[in-house]
1. Taking the stretch 72-123 as the region of interest, how many residues are under 20 Å from residue 187 (Cβ atoms) and in a helix (DSSP H, G or I)?
2. Counting only residues that are under 23 Å from the mean Cα position of the chain (by Cα) and assigned by TED's automatic domain parsing to the domain that holds residue 33, give me the helices (runs of 4 or more DSSP H) lying completely in the stretch 302-420 with at least 2 of them.
3. Somewhere in the stretch 124-140, is a residue assigned to a helix (DSSP H, G or I), over 25 Å from residue 180 (Cβ atoms) and over 21 Å from the mean Cα position of the chain (by Cα)?
4. Which of the following residues is β-branched (Val, Ile, Thr), part of a helix (DSSP H, G or I) and crowded, with 19+ Cβ neighbours inside 10 Å: 174, 203?
5. Any chance you could count how many residues in the stretch 312-353 are of a type in the set (D, E, K, R) and in contact with a strand residue (DSSP E or B) (Cβ under 6 Å, 6 or more places away or on another chain)?
6. Quick check on this structure: which one of 94, 55 is among the basic types (Lys, Arg), modelled with pLDDT of 95 or more, under 24 Å from residue 128 (Cβ atoms) and more than 23 Å from the chain's Cα centre (by Cα)?
7. I need a count of the residues in the stretch 295-315 that are crowded, with 21+ Cβ neighbours inside 10 Å and not aromatic (Phe, Trp, Tyr).
8. Is there a residue in the stretch 145-155 that is over 18 Å from the mean Cα position of the chain (by Cα), surrounded by fewer than 14 Cβ atoms within 10 Å (Cβ to Cβ) and within 19 Å of residue 295 (Cβ to Cβ)?
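The values are calculated or read from the model by the stated rules, or taken from the named source; none is laboratory data. Computed from a predicted model, the values in this text were never measured in an experiment. All Cβ positions, even for glycine, are placed from backbone atoms using ideal geometry, and neighbour counts span all protein chains on display.
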Amino acid sequence: MKFKKTTLPNGLRIITIPTKGNPSVTVMVMTKTGSKYESKTQGGLSHFLEHMMFKGTKNRPSSAIINKELDALGAMTNAETVEEYTSYYAKAEKKHWKHILEIISDMYLHPNFPPAELEKERGVIIQEISMYEDLPQYKVLEVFLELLYGDTPAGRSIAGTKENILKLKQESFVDYHKKHYVAEGTTVIVGGDVSEYDVMKEVKKLFKDIPKAKKPTKEKVVEKQTKPQLSVLDKKTDQTHIILGFRAWGAKDKRQIILDVLSGVLGGGMSSRLHQKLRDELGACYYVYSSNRDLTDHGYFSISVGLENTRIEEITKVLLDECKKIIDEPIQKEELQRVKDYIVGHMYMGLETSDSLVNYYSHQEVLKGNLKTPSEIEKQIRAVTPEQIRKVAKEIFQNKNLNLAIVGDIKDEKSLKKVLLLDK
């Protein structure tokens, strides 16, 4: 799975992923901006703007024109806004790749933000926020991030607040687009049965007039914690959702690959320790999994579980005990080999399509800036040792990094605070 990355003189980056014989091609245009680049009054603007980019351009004045043109190509298209990037992509039969690249580039460079559509989409965004409020399995992540990072961009919702969404005006979108959708912050990625020469030629032509300006930076994340923290959102639900998490490191830290393997040991599959313990042995939950989330300047390791609220104290103790076992008891060779095979197998299975390849490299481009092929990543995973995992576990599984977020019908928080300690 070879790739070629080129940075043009204006700062725009082009990544080509040629996969001969692939029947589809995916094109993605992304900008390094998201919720972490917003001020408090702008909260939700990156995401709202992403919606508005589909509402028309100077060349295609309405969303109906854009949608009909893409449908006529048999294309699928979507967009995503997260903390540190916003991406727009389309996937179609390979013979249409130049056409879908032209459409996506037009949307990216020439949005018209029609006022009438803005008012309609405002209602859509508000309903999306309401939907997330009614999904406790999603809401608990917002509670967790606010617990870690407080009232800062890293701790706020990507979708923003309803109050903010109601105040945003057309000039807010125009100004934000002008500042962030510039050559320096833009990456174009094309994956499929294409040649680097052809991709370079088309991108240079379509993006020749992209604004060249210094892109705004984001607020630096400052970690402040000395003891375990608890945050509870009291909500009438049939199931209580919790995230037990620890502060970790940014995406460029060399320990990240070790933390990925550690995550696989604890909650990376049906044979993982947490699945075996909580579901198969204790019958305490339907879902349990661990995750290693890395961003450019910070990260966290988390364990997510849905369970009865009467079992929260019991399961919190179990989770902490399982974390301590990683430190106290070396991982056996057979288990570690199984975990590595699981991680590597899922990585390769997740790269079978042109859009999955594009997503793979886009994530690395924004967060790491140093692209690695899947085989290079596999080599790093295979090299992780039990002692490295134990060392990393000792560094993050500490009371000063420990956080617990809960969404559910909780009446007594005092008893929860008593069990939220790793040294008991």
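1. Of the residues in that region, 12 qualify.
2. Where helices (runs of 4 or more DSSP H) fall fully within the stretch 302-420, none carries at least 2 residues being under 23 Å from the mean Cα position of the chain (by Cα) and assigned by TED's automatic domain parsing to the domain that holds residue 33.
3. There is at least one residue in the stretch 124-140 that is assigned to a helix (DSSP H, G or I), over 25 Å from residue 180 (Cβ atoms) and over 21 Å from the mean Cα position of the chain (by Cα).
4. The match here is 203.
5. 0
6. Working: 94 fails: under 24 Å from residue 128 (Cβ atoms).
Just one listed residue meets the conditions, 55.
7. As a first pass, look at the stretch 295-315 and keep what is crowded, with 21+ Cβ neighbours inside 10 Å: 298-305, 307, 312, 315.
Still in the running and not aromatic (Phe, Trp, Tyr): 298-299, 302-305, 307, 312, 315.
Of the residues in that region, 9 qualify.
8. yes
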